[in-house]
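The values are calculated or read from the model by the stated rules, or taken from the named source; none is laboratory data. Note that the structure is predicted; figures quoted are calculated from it, not measured. Cβ atoms come from the backbone with ideal geometry, glycine included; neighbour counts cover every protein chain shown.
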Amino acid sequence: MSGHHEGRNPGSIPNRWLHCPRKSSGLIANKFLAFKTPLSEKFNDQVPTGCRFGPKMIFNSMKSYKVSIGLWIDLTNTSRFYDKAEVESENCRYLKLQCRGHGETPSEEQTRTFIHICQKFIAQHPSDVIGVHCTHGFNRTGFLIVSYLVEQINSSVGGAIKQFAEARQVFRFHSTAPMNAPFLQGC
């Protein structure tokens, strides 16, 4: 969303977004922060003050970790939730990797793209963190982070899922979704 929705009705907030936890309780593999999609101030009339969650809140939360988010990967299939300029104004690279939701697993191509982007970023910016979100910060986000851990850190599938779940209580992660992943074929 590059400002072209200014002044227009932003639409409704995503289903089940309001009471979904904002972000992971800690970093996953000391490298990833998983979170639900932030919403711009345009949604404030639909969100009680204590439930608001905008991009600046993510950056502010990282101060306690004494690290910064250098790459922000947006997996949502829309650009209406916030303006990417809010992310870029924090000296953070914004990347849109559009993935369908509603129980649809990211494709093998999307998974390979995510892994390649993260691998390259980590090699070039080893002290920075990668922020990753989909609508709720569980299914697409979890699938792709788990895929990275399995493919690049040689974690077992169970170990990678456990690591993600410990940081981001996985109440929405579809246990069948990873079965389509290339690294699980034959399991």
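Do we find that Ile58 is closer than 15 Å to Ile145 by Cβ, assigned to a helix (DSSP H, G or I), of a type in the set (A, V, I, L, M, F, W, C) and in contact (Cβ under 8 Å) with a residue 24 or more places away in the chain in this structure? Explain how you work it out, then say what you get.
On the way: closer than 15 Å to Ile145 by Cβ: no; assigned to a helix (DSSP H, G or I): yes; of a type in the set (A, V, I, L, M, F, W, C): yes; in contact (Cβ under 8 Å) with a residue 24 or more places away in the chain: yes.
No.
Write out, first by first residue and then by second, each pair whose Cβ atoms fall under 9 Å of each other, whose residues are 6+ apart or on separate chains, and whose first residue, in region 29-53, is on the phi < 0 side of the Ramachandran plot while the second is aromatic (Phe, Trp, Tyr) and surrounded by fewer than 16 Cβ atoms within 10 Å (Cβ to Cβ).
From region 29-53, the pairs are Leu33/Tyr65.
Considering each of Asn15, Asn9, Asn60 in turn, give the residue that is of a type in the set (S, T, N, Q), at pLDDT below 95 and closer than 26 Å to Gln110 by Cβ.
Asn15
State yes or no: is Glu86 within 23 Å of Ser147 (Cβ to Cβ) and in contact with a Pro (Cβ under 7 Å, 6 or more places away or on another chain)?
No.
Rundown of residues vs (1) touching a helix residue (DSSP H, G or I) at 6+ places or on another chain (Cβ under 9 Å); (2) among the acidic types (Asp, Glu), yes/no style:
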residue	(1), (2)
Ser40	yes, no
Val47	no, no
Ile58	yes, no
Trp72	yes, no
Arg93	yes, no
Glu108	yes, yes
Asp128	yes, yes
Cys134	yes, no
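Return the only residue of Tyr65, Tyr82 being aromatic (Phe, Trp, Tyr) and surrounded by fewer than 18 Cβ atoms within 10 Å (Cβ to Cβ).
Working: Tyr82 fails: surrounded by fewer than 18 Cβ atoms within 10 Å (Cβ to Cβ).
Criteria check complete, one pass: Tyr65.
Just name the residue that is surrounded by the most Cβ atoms within 10 Å (Cβ to Cβ) out of those in region 23-39 that are out of contact with any strand residue (DSSP E or B) (no Cβ under 9 Å at 6 or more places or on another chain) and modelled with pLDDT of 95 or more. Walk me through how you get there before you give the answer.
Residues of region 23-39 out of contact with any strand residue (DSSP E or B) (no Cβ under 9 Å at 6 or more places or on another chain): 25, 29, 39.
In the following step, the residues that additionally are modelled with pLDDT of 95 or more were identified as 29, 39.
Numbers: Ala29: 17, Leu39: 23.
If we take residues in region 23-39 being out of contact with any strand residue (DSSP E or B) (no Cβ under 9 Å at 6 or more places or on another chain) and modelled with pLDDT of 95 or more, then Leu39 is surrounded by the most Cβ atoms within 10 Å (Cβ to Cβ).
Can you say whether Ile122 is β-branched (Val, Ile, Thr) and under 13 Å from the mean Cα position of the chain (by Cα), as far as the supplied structure shows?
The answer is no for Ile122.
I'd like to check something: does region 42-64 contain any residue that is of a type in the set (D, E, K, R) and within 27 Å of Ala160 (Cβ to Cβ)? Lay out the reasoning, then the answer.
As a first pass, look at region 42-64 and keep what is of a type in the set (D, E, K, R): 42, 45, 52, 56, 63.
Subsequent filtering for residues that are within 27 Å of Ala160 (Cβ to Cβ) retains none.
Checked region 42-64: no residue is of a type in the set (D, E, K, R) and within 27 Å of Ala160 (Cβ to Cβ).
Working only within region 96-118, note down all residues that are in contact (Cβ under 8 Å) with a residue 24 or more places away in the chain, farther than 30 Å from His19 by Cβ and exposed (fewer than 13 other Cβ atoms within 10 Å of the Cβ).
The answer is Glu108, and nothing else.
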